[in-house]
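Reading through the C-alpha cells given below for one structure.
The values are calculated or read from the model by the stated rules, or taken from the named source; none is laboratory data. Predicted, not measured: the structure shown is a model, and the values here were computed from it. Quick reminder, even Gly has a Cβ in these numbers, built from the backbone with ideal geometry, and neighbours come from all protein chains shown. All accessible areas refer to the heavy atoms of the entire protein, side chains included, with ligands and DNA or RNA removed. Shrake-Rupley method; radii C 1.70, N 1.55, O 1.52, S 1.80 Å.
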Amino acid sequence: MKYNEFLKHLKSDISKNIYLIYGVEKYLVDSAIKSFKDKYLDEVSSSFNYTSFDNINDNMGNIENACETIPFMAEKRIVEIIGKDLLSSKSANSKEIEE
C-alpha cells in the first residue's frame, strides 16, 4: 500500500491489525507512525498503549507480550519495532524473524 492510500485508510477508519511500515524515505515512515499515534493515542493513554523496541532481537518474549496486551482506555495499542535491516536476506535470523 502506498503512503497516500495508507492515509485514506487511516482517515476512513479502515485500519488493519498489523501494518509493516518501511521504505527509504525516513520522513514518510516517521510521518506514518506519527499519524497512527495522533489518531489512536492521547497524552494520557500513550504511556500505556505505545511500546517501542529498537531491535527485533531485543527479547521476542517482550515483543510478543506487548503485541498481545489489550489496550488500556484506548481503541488501539501501538507496538513499534525499529529494525534497520530487519527484513534483509543478509540478516542472520531472517527466517525466524519472518515467521
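Among the residues of segment 14-32, what is the count of those that are open to solvent by 100 Å² or more (accessible area, probe 1.4 Å) and either within 15 Å of the chain's Cα centre (by Cα) or not hydroxyl-bearing (Ser, Thr, Tyr) (or both)?
In the first step, residues of segment 14-32 are kept if they are open to solvent by 100 Å² or more (accessible area, probe 1.4 Å); the result is 16-18, 20, 22, 24-27.
From the residues that got through so far, the ones that are either within 15 Å of the chain's Cα centre (by Cα) or not hydroxyl-bearing (Ser, Thr, Tyr) (or both) too are 16-18, 20, 22, 24-26.
Residues meeting the conditions: 8.
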Review point. Mind checking whether some residue in segment 33-43 is open to solvent by 80 Å² or more (accessible area, probe 1.4 Å) and modelled with pLDDT under 85?
Key: yes
Practice item. Scan segment 18-52 residue by residue and report those that are within 20 Å of residue 63 (Cβ to Cβ) and in a loop (DSSP other than H, G, I, E, B). Key: 18, 19, 20, 21, 22, 41
**Study point:** Within segment 1-13, considering residues that are loosely packed, with under 11 Cβ neighbours inside 10 Å and assigned to a loop (DSSP other than H, G, I, E, B), the one farthest from the chain's Cα centre (by Cα)
**Key:** 12
Point to revise | Among (1) touching a helix residue (DSSP H, G or I) at 6+ places or on another chain (Cβ under 8 Å); (2) open to solvent by 70 Å² or more (accessible area, probe 1.4 Å) - the single one residue 50 does not satisfy | key: (2)
